[in-house]
Each structure stands twice: as structure tokens, then as C-alpha cells.
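So the structure is just underneath, and the comments pick up after that.
Where a number appears in this text, it was derived from the coordinates with a stated rule and is not lab data. None of these values were measured; they are calculated from a predicted model. Ideal geometry is used to build each Cβ from the backbone, glycine not excepted, and the neighbour counts take in all protein chains shown.
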Ligand code: NDP
Ligand code: MG
């Protein structure tokens, strides 16, 4: 039995992960669950999976959890980052799936690494914010980080242990989101409801907006840098609207290896849970004749400047990726609230990055300090942009 903890079990990835557990109940056991605010769903999951330990984001959510159902036999670990840390480092856990949104789970990922748990990583923000710290800790403790993000999972499969010296470049595919092909001038008045209509994937709200701005791909470029040790100028992005090719690796002799599959996150989640083995899964085969054609195109960084900003942050390294990620989280939340325009998301990020004096971020404390500064600054810039509207 592989014993797993899921951070963010009530979310899109978390629920897909539990579906993978259902399909492989003879091999996977849920030992820990953590969620944010959805006490009713976590209570139902606890009743079904009987984990040893559970946590929620706030004390209020934990109160609601206790009212919603029996937690007998389950250790309630507490709230906030401490609760996540307790779930991720529980002695009975073998694999921690980090699938919570935001960056609250950063300390929990580091704690899991220190306790030598295998990390199945869906959350890319953690690597964008502290990729150096996380990957150094993983190397020090001999811990494997298995990417669940579909592109990185694809690249992991294509690389198949191949040495970096044989890799010429990584090619991340991007669906292009709901606004693919539209010029910048057309995007000023789009609403959150428009942006939430992703053409190929069903995901949480924040990542769906990131897909519409192409920031998701920008964050993934930085994620790929840390996961695979490849420089930004060796990571390309290609628009591929059908999302059939999940990503590719070009080797030094010019040969390109691609991973293809249906658009269902149960595939990369199961890969991470079963690695290095492969299990027969419940997913349908990909019907290529039905897919018909596969298109590829250059990304339009004038309409979607967030991708360019992410490359810039990665090139500058040091604290700029922390700023990029924090400003983006603030801007996306304000856009979802209806208080910031779609094209202002990139402006908030760009202006926050411009106002930042890059610093070394070798410790968790410095990362968190830069993150806090960037969030405050991004809020101020957003307020100014709103006054202009
Ligand atoms: P969702 O918004 O659907 O789910 C987020 C989950 O995180 C929920 O369970 C939520 O709990 C939980 N959560 C939020 N804040 C906290 C907190 N402070 N403490 C504990 N739990 C918390 O997001 P997704 O599942 O779509 O995405 C999750 C992560 O995976 C993101 O980083 C995303 O970038 C990444 N990812 C997602 C993909 C997808 O297909 N969805 C694909 C690739 C990567 P609650 O709902 O109870 O408040
Ligand atoms: Mg992805």
C-alpha cells in the first residue's frame, strides 16, 4: 500500500486524486487530508476515507468540520500553515500530493521533504516562489519530486531519466486559453465569467484565469526550470489548442519526444502515485483519428504580456519570481472580484516588478518577506489603476 496525504483534497486536483484512489483502492490508502474552507466536503471525504489526520485553513472551518460530521479517530491537526505541516509530515505518510491553491503549503512541502516523503507536486506557485530552496532540500534529503502539472508530467515521462547533457530544449504546450487569437485591444472589457470558460481543461478558478492571461504558462516555464534544471532560454512555449500533446523534449540530435493523452488530470496524478511503475487505469484511450488535427502556433506576447514577464523574472532570478507570483495572485483575485480589468492584471505585475529592488532569497524568511511586500505593493498599484478606469 502507498499511503498518501492530499493537501487541497476538496479542490479540482484533490477530487481527481481521490478518484484515482477509488480506482486503485487495493494499492492506495488515504492517510491525511487538508482543505481550505469547504468543511462539508472535507467531512464527507473523512467519512469515506477515514484518514488518520486532517487540517483546514482556519479555526472557523475546523469548527464547521466538527459540526458537519464525525471526526472520531481522526487527529485534527489545526489550522493554517501548521495544520498543513502536520498533515504533510505525519509518520504514516509515504507520498504528499501538494494540490492546495496559493502558497500556504510551502512550509508543508519543505517539512515533507525533511521527513523524506515523496512529493507529488501539482502546485506550481510553491516552486515559482521558492524553487531554489525546495529543490536544494529535495537533493539534500534524497527526495523525489514528481510533477503532476500535466506539461511537466509529460516532460518527466519524455526524459525518462535521460541526462541533461542530451537535452537541447523543453517545449511546453499551451492551449492558449479562451481568448486565443484575440488582439490586445479586444481584451480590455472581458469579464471574469468569459475568462473562466477554459476550452480544454476544467480546473480551479485561479489557474483558469492564469490560463486566460498565459501567466499559467509563464509560471510553468519557471516551474520547468526548477524541476529539470534547464535554463529559461532552453524552454520554449508553443500554442497547441487541442491540448493533445501535453509537452515535448528536444534532444541534442534534434529528435523531439512528445507525450500525448486525453485531457484528464487523473492521468498525471496516477503516474505520480504509481511511479516508477505503471498501473492499468480507467481512462479511455486517446482517439487520434477523432482528434483529427493537431495545430501549433507562436504565443502572442503583445496580447498576453504575462508570459514575457515570467521569462523576465526567471532571467533576473533572485527575488523577481517571488514578486511575479505574489503580484499575480493579488491581481487575479481582484479581477475575479470584478474590481480590476483583465488587461490590468499584467500592468499590476509589471509595475510591481519595476518597483522592486531584486534581492537574494536564500531563506524562507526572506522569501516570505518579499512575498508580503509584493502583495502590498500590488494592491496599491491596483487601486491606482482602478482610479484611472
Ligand atoms: P482549486 O481551487 O480547485 O482547489 C484548491 C484547493 O486548495 C481546495 O481544496 C482548497 O480548499 C485548498 N486550499 C486553498 N487554500 C488553502 C489553505 N490555506 N490551506 C489548505 N487548503 C487550502 O484548485 P486546483 O485544484 O485547480 O489547483 C490546485 C493547484 O494545482 C494549483 O496550484 C494549480 O496551479 C495546480 N494545478 C491544477 C491543475 C488543474 O487541472 N486543476 C493542473 C495543474 C496544476 P477549499 O476549497 O476547501 O477552500
Ligand atoms: Mg499545466
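Observations on the structure shown:
- Relative packing of 45-58, 361-374, 176-189, 97-110, which averages over residues the other C-beta atoms within 10 Å, highest first: 97-110, 45-58, 361-374, 176-189
- Taking segment 197-316 and dividing mean pair separation by its residue count, relative contact order in percent (alpha carbons under 8 Å, at least six apart): 35
- Share, in percent, of DSSP beta bridges within the chain that are antiparallel, nearest 5: 30
- Fewest neighbouring Cβ atoms within 10 Å first, the residues 263, 118 line up as 263, 118.
- Its residues counted as N, segment 118-254 yields a C-alpha radius of gyration over 2.2 N^0.38 Å of 1.11.
- Segment 54-119, relative contact order in percent, only Cα pairs under 8 angstrom and at least six apart counted: 31
- Largest GNM mean-square fluctuation across 337, 149, 300, computed for the chain with C-alpha springs under 10 Å, falls on 337.
- In plain terms, the residue of 133, 349 with the fewest other Cβ atoms within 10 Å comes first and the most crowded comes last, giving 133, 349.
- When peptides 287-296, 219-228, 152-161 are ranked by their average number of other Cβ atoms within 10 Å per residue, the highest-first order is 219-228, 152-161, 287-296.
- Ranking of 262, 323, 167 by neighbouring Cβ atoms within 10 Å, starting from the fewest: 262, 167, 323.
- In the chain, the DSSP-assigned H stretches of four residues or longer account for a calculated mean residue ellipticity at 222 nm of -14500 deg cm²/dmol, using -39500 (n - 2.57) per stretch and the full residue count as denominator.
- Gap separating the Cα centres of segment 165-198 and segment 33-62, nearest whole Å: 34
- Dividing the mean sequence gap of close Cα pairs (under 8 Å, 6+ apart) by how many residues segment 132-291 holds gives a relative contact order of 32 percent.
- Inter-centroid distance (Cα atoms) of segment 321-370 relative to segment 246-263, Å: 32
- Largest first, the three principal axis extents of the alpha carbons in the chain are 56, 50, 41 Å in whole numbers.
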